[in-house]
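Every read-out reported here was derived from the displayed coordinates using simple, explicitly stated rules and does not represent laboratory data. Quantities reported herein were computed from a predicted structural model and do not represent experimental measurements. Note that we place each Cβ from the backbone using ideal geometry, even for glycine, and neighbour counts take in every protein chain shown.
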Amino acid sequence: MTTGESRRTPQDLTYVSLEREEDRLYWTNRFNVSGDELTEAVETVGNDVDAVAAYLNVGR
């Protein structure tokens, strides 16, 4: 993994963090959704990656 990759990937991949812009970009790209859709998912089901993926109907 290069230094650039480590900056783009959140430190903890078990939950969806919306605090840092880098993290928001990672998760919106990972789930192929908009920032608003991601925020709605986290507000609805919490920040667990599996719960967010299920809510958004995307495979992990």
Relative to the compact-globule scaling 2.2 N^0.38 Å, provide the ratio for the alpha-carbon radius of gyration of the chain.
-> 1.05
So for the chain, taking the charge dipole from beta-carbon charges (+1 Lys/Arg, -1 Asp/Glu), which of F31, T9, L56 sits furthest toward the positive end?
-> T9
Sequence-separation-based contact order of the chain, relative, with Cα cut under 8 Å and 6+ spacing, percent = 29
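Could you tell me the calculated FRET efficiency between R20 and N47, based on Cβ-Cβ distance and R0 = 22 angstrom, to the nearest 0.05? Can you show the working numbers first?
Working: r = 13 Å, r/R0 = 0.60.
Using R0 = 22 Å, I get an efficiency of 0.95.
Highest mean first, how do 26-32, 8-14 rank when packing is the count of other Cβ atoms within 10 Å averaged over residues?
Details: 26-32: 16.9, 8-14: 12.1.
Top to bottom by mean Cβ count within 10 Å: 26-32, 8-14.
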Given +1 on the Cβ of Lys and Arg, -1 on the Cβ of Asp and Glu, and no further charges, what dipole in debye does region 3-56 carry about its Cα centre, rounded to the nearest 20?
-> 220
Taking amide hydrogens as modeled 1.01 Å from N in the peptide plane, which residues meet the under 5 Å criterion relative to Y15, leaving out close sequence neighbours?
-> V49
